[in-house]
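Okay, structure first, notes after.
The values are calculated or read from the model by the stated rules, or taken from the named source; none is laboratory data. Predicted model only: the values in this text are computed from it and were never measured. Cβ sites come from the backbone with ideal geometry, for glycine too, and all protein chains shown count toward neighbours.
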Amino acid sequence: MNPADLSAALLTVVTGIAQRRGGELRLTIDDLLLERPRNREHGDWASNIAMKLARPLGTNPRELAGEIASEVAKLDGVASVDVAGPGFINITLDAAAAGALAKTIVEQADRYGHNDSLAGQTINLEFVSANPTGPLHIGHTRWAALGDSLARVLKASGAELVREFYINDAGNQMDSFAASILAAAKGEPTPEGGYPGQYIADLAARVLETRPDLLELDEPEALAVSGELGYQYQLGEIRDSLERFNVHFDVWFSERVLHATPASGPSAIDAAVDRLRAQGHVFDLDGAVWVRTTDFGDDRDRVIRRANGIYTYFAADAAYYLSKGDRGFAHKIYLLGADHHGYVHRLKALAGAAGDDPDRDIEVLIGQLVSINGARLSKRAGNIIELGDLQAWLGTDALRYSLGRYPADSPLTLDPEVLQRRTNDNPVFYVQYAHARTHAVARNAAASGVARTVFDAGLLEHETESILLGILAEFPRVVRQAAELREPHRVARYSEELAGAYHRWYDNCRVTPLGDEDVTDLHRTRLWLNDAVGQVLRNALELLGVSAPERM
RNA sequence: GCGCCCGUAGCUCAGCGGAUAGAGCAAUUGACUACGGAUCAAUAGGCCGGGGGUUCAAAUCCCUCCGGGCGCACCA
């Protein structure tokens, strides 16, 4: 009896009663709100369905709950049912029905937790998308961690998904970048509005190594060489640092491709503007070309092509959006920093102007900023912390976990002192330790002759076992919710809850016999439970991109 | 001025219509010659920013005010 079975059985009971009372109710499993009560005295599972339906069925909640309860009590695997408070139905399973899950999990292994709630969806998930003119900073790092975990959770829920990095490699900032590198190569100060920083000098040194003739070239060519080589080196650095962070992008999309004019016809941007015009959301004013973004909630219309004939950044965005659809992605998710939230309406408008449904086909998630030690880190303030530095300092696991356990829309303050500690301040170690402990227990079990030869679920009667089983049962739903709500941090909070319940169980229930005690079926059955917990912790950490060590 | 996000324990934050609001840290006190003490048990700590509403039920939804953050270009 897993939660899905129980929900289905409850649904049958409730619809039956509703029909008998003459109610026209179309219920789905999601309406039943079967949940695990916080308080153990309220049973293994609770439903508030009676309070929801009392009014439509013309009765009072307690009476309806009683009627439902008496039928649910007859179900196989249900030990007892109580009606409590204003009309909650509290269900307690018998130990055998609840315990069966341990075996199921071990058998499903890394598939446990996967679900098909997003099956059939094709998703383009774009995140980080930093300018290739410098290293990734803490803000990009937060998105890298959260975006990658979101991708994993979406895939685990059945979506077909591509992780995409949009490279802003066209535009003024690339010229400024080239000029900064060339100046550094010449030993000159950073030009006005250029990029400062040691990394520019490092890039200049590498460019000079490849092209010792750089300073003998004439100015335009020297700039072109500096810019192009610097770009490649910097992009390589970004890619490497992300890979070291367990973040792999499937597609690196260059903005330049959109500007390029193929021999055969117009550039992607020209074509995009024409397509938007054909949809009827483009107009001309004062010599410029505009998109009527106000039709889609923007507070003013936006210029897509200036009066001087040059396209705005918005034009590339439009072409890029269309490219995603052309490449077969029905659903586009953008992850942007809080400093870009002004783009939300514009991007939505693009979807609408392209003939898509702005409420369904595009999703823009905004992440709040990160500060460290109370000081916000911004490029402008100059106190920027790079991904590479953070990673070397704290380690991939601690950094990914710390950034991944908070929702994106809450501002976050990290304390580097805490992140370095190998203690409970740093929950990643708490969870990893629980996982390592499941392996230690399994090793000891093997040494004591305890093996998974027998599984008798009814023996898992201890209170900590019943709690543990309840938490294990929730994992698939947690993954599903994390995917549907775009909140991968739920997986991290869940793993902490599971780790805590496991430690408490470990304290109360032994898997290996003491001294000269005999090995019993209880020991063997508990080994299944132990291994099930290890499996789920591993699955959860995998979704977060964090390693699950067998020893620490 | 307008828009978006956030105000929950001393700190960092979960919870986002359900039962007595939670975790970790910090504080106090206990538990190993029993599967790794990177653990566990216990105590203490709250007008969930203020005020109105919506309903059987509000930290959660709506309105309003007060704080804090971030944005409001024919820049990229």
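Return the residue satisfying two criteria in turn: it lies in the range A:507-521 and is away from RNA strand B (no atom under 12 Å from the Cβ) and not β-branched (Val, Ile, Thr), and of such residues it is modelled with the highest pLDDT.
A:Asp521
Hey, any hits in the range A:540-552 for a residue that's in the same structural domain as A:Asn426 (by TED's automatic domain parsing) and free of Cβ contacts under 8 Å to residues at least 12 places away in the same chain?
Among the residues of the range A:540-552, not one is in the same structural domain as A:Asn426 (by TED's automatic domain parsing) and free of Cβ contacts under 8 Å to residues at least 12 places away in the same chain, which makes the answer no.
Within the range A:274-306, which residues are surrounded by fewer than 16 Cβ atoms within 10 Å (Cβ to Cβ) and in contact with a His (Cβ under 6 Å, 6 or more places away or on another chain)?
A:Gly297 - this is the single residue of the range A:274-306 that is surrounded by fewer than 16 Cβ atoms within 10 Å (Cβ to Cβ) and in contact with a His (Cβ under 6 Å, 6 or more places away or on another chain).
Looking at A:Ala65, A:Ala46 in this structure, which one is over 30 Å from A:Phe249 (Cα atoms) and assigned to a helix (DSSP H, G or I)?
From the options A:Ala65, A:Ala46, the qualifying one is A:Ala65.
Which of the numbered conditions does A:Ala446 fail, given that it passes all the others? Conditions: (1) within 30 Å of A:Glu41 (Cα to Cα); (2) assigned to a helix (DSSP H, G or I).
(1)
What are the pairs, 6+ residues apart or on separate chains, where a residue within the range A:214-237 that is in contact (Cβ under 8 Å) with a residue 60 or more places away in the chain and over 16 Å from A:Gly187 (Cα atoms) has its Cβ under 9 Å from a residue that is part of a helix (DSSP H, G or I) and small (Gly, Ala, Ser)?
As it stands, the answer is A:Tyr231/A:Ala178; A:Glu237/A:Gly388, since those pairs meet every condition given.
Do we have A:Asp240 as farther than 19 Å from A:Lys324 by Cβ, surrounded by fewer than 12 Cβ atoms within 10 Å (Cβ to Cβ) and within 11 Å of RNA strand B (Cβ to nearest atom) here?
No.
Under 8 Å between Cβ atoms, at least 6 apart or on separate chains: pull out the pairs that start in the range A:437-453 with a residue that is assigned by TED's automatic domain parsing to the domain that holds A:His503 and end on any residue that is near RNA strand B (Cβ under 8 Å from one of its atoms) and among the acidic types (Asp, Glu).
These pairs meet every condition: A:His439/A:Glu550.
Do we find that A:Arg302 is assigned by TED's automatic domain parsing to the domain that holds A:Ile138, touching a Lys or Arg at 6+ places or on another chain (Cβ under 9 Å) and within 9 Å of RNA strand B (Cβ to nearest atom) in this structure?
Here the answer is yes, as A:Arg302 does meet what is asked.
For residues that are within 15 Å of RNA strand B (Cβ to nearest atom) and over 22 Å from the mean Cα position of the chain (by Cα), scanning just the range A:339-357, find the one that is surrounded by the most Cβ atoms within 10 Å (Cβ to Cβ). First the steps, then the outcome.
Initially, the range A:339-357 is screened for residues within 15 Å of RNA strand B (Cβ to nearest atom), giving A:339-350.
Then keep just the ones that are over 22 Å from the mean Cα position of the chain (by Cα); that gives A:342, A:345-346, A:349-350.
Details: A:Gly342: 11, A:His345: 19, A:Arg346: 19, A:Ala349: 26, A:Leu350: 29.
Filtering first and then ranking leaves A:Leu350.
How many residues are outside any strand (DSSP E or B) and within 15 Å of A:Ser323 (Cα to Cα) when one looks only at the range A:250-301? Lay out the reasoning, then the answer.
Within the range A:250-301, the first condition is being outside any strand (DSSP E or B), and the residues that meet it are A:250, A:255-281, A:286-287, A:292-301.
Cutting the leftovers down to within 15 Å of A:Ser323 (Cα to Cα) gives us A:255-260, A:266-276.
Adding up the residues that qualify gives 17.
Here are the criteria: (1) at pLDDT 95 or above; (2) more than 8 Å from RNA strand B (Cβ to nearest atom). Tell me which single one A:Gly458 does not satisfy.
(1)
Okay, residues lined up against (1) closer than 26 Å to A:Ala18 by Cβ; (2) of a type in the set (Lys, Arg); (3) crowded, with 20+ Cβ neighbours inside 10 Å; (4) touching a strand residue (DSSP E or B) at 6+ places or on another chain (Cβ under 9 Å):
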site	(1), (2), (3), (4)
A:Gly58	yes, no, no, no
A:Ile68	yes, no, yes, yes
A:Gly77	yes, no, no, yes
A:Val81	yes, no, yes, yes
A:Gly85	yes, no, no, no
A:Ile105	no, no, yes, yes
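Of all residues being at pLDDT below 80 and in a helix (DSSP H, G or I) in the range A:19-40, which is farthest from RNA strand B (Cβ to nearest atom)? Just the residue, please.
In this case the residue turns out to be A:Ile29.
Listed here are the residues, each with its yes/no results for (1) among the β-branched types (Val, Ile, Thr); (2) under 16 Å from A:Glu463 (Cα atoms); (3) part of a helix (DSSP H, G or I).
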site	(1), (2), (3)
A:Thr512	yes, no, no
A:Gly515	no, no, no
A:Val519	yes, no, no
A:Arg524	no, no, yes
A:Leu527	no, no, yes
A:Gly534	no, no, yes
A:Asn539	no, no, yes
A:Leu543	no, no, yes
A:Val546	yes, no, no
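Could you pull out the residue among A:Ala109, A:Ala102, A:Ala79, A:Ala96 that is more than 34 Å from the chain's Cα centre (by Cα), in contact (Cβ under 8 Å) with a residue 12 or more places away in the chain and assigned to a helix (DSSP H, G or I)?
A:Ala96
Can you tell me which of (1) of a type outside the set (S, T, N, Q); (2) in a helix (DSSP H, G or I); (3) at pLDDT below 85 is the one A:Asp425 doesn't meet?
Going through the list (1) of a type outside the set (S, T, N, Q); (2) in a helix (DSSP H, G or I); (3) at pLDDT below 85, A:Asp425 breaks only (2).
Got a sec? Which of A:Ile68, A:Ile105 is within 30 Å of A:Trp528 (Cβ to Cβ) and not polar (S, T, N, Q)?
Result of the check over A:Ile68, A:Ile105: A:Ile105.
Is there a residue in the range A:525-542 that is aromatic (Phe, Trp, Tyr) and within 21 Å of the chain's Cα centre (by Cα)?
no
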